[in-house]
1. By per-residue mean of other Cβ atoms within 10 Å, what is the highest-first order of 28-35, 117-124?
2. Return P(r) of segment 101-143 (all Cα-Cα pairs; 10 Å bins starting at 0; whole %; ordered from short to long distances).
């Protein structure tokens, strides 16, 4: 009986694959090793967000940092992929991060609980490196004295 059930499941899987639209690609997502990434400053000083007139704007605080991002993509060399910067939900609520780059990776914006594309295309080198100029904004009423944000890079491989 189990053999018959297994045979039916296999037949259904084969049928589903045959009926899938042409060009359908199955992608896999992996965490990228970024342990060689170097922040220029280990402790960031945040300040209340200021308007053009120098007045405090609401309850937001902001901090800025420069980071040399080094992504070990050697496991996916000579394959096509999409690399994302991800920031899980934070206990302090919504955190918004903006960054500029020097052009190897894409600039962008990210909110906690999301991920944003920073690279798409062929992986031609074992390490992808770029400098990020980060700006982090959070609700100052919810931030403790020291707050650690756990970013990660993810890659989807075709």
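Only the coordinates and a few stated rules stand behind these numbers; no lab work does. Here the structure is a predicted model, which means the values were calculated and not measured. For neighbour counting, all protein chains shown are included, and Cβ atoms are generated from backbone atoms with ideal geometry for every residue, glycine included.
1. Going from most to least packed, we get 117-124, 28-35.
2. The distribution over segment 101-143 is 21, 44, 25, 8, 2, given as percents.
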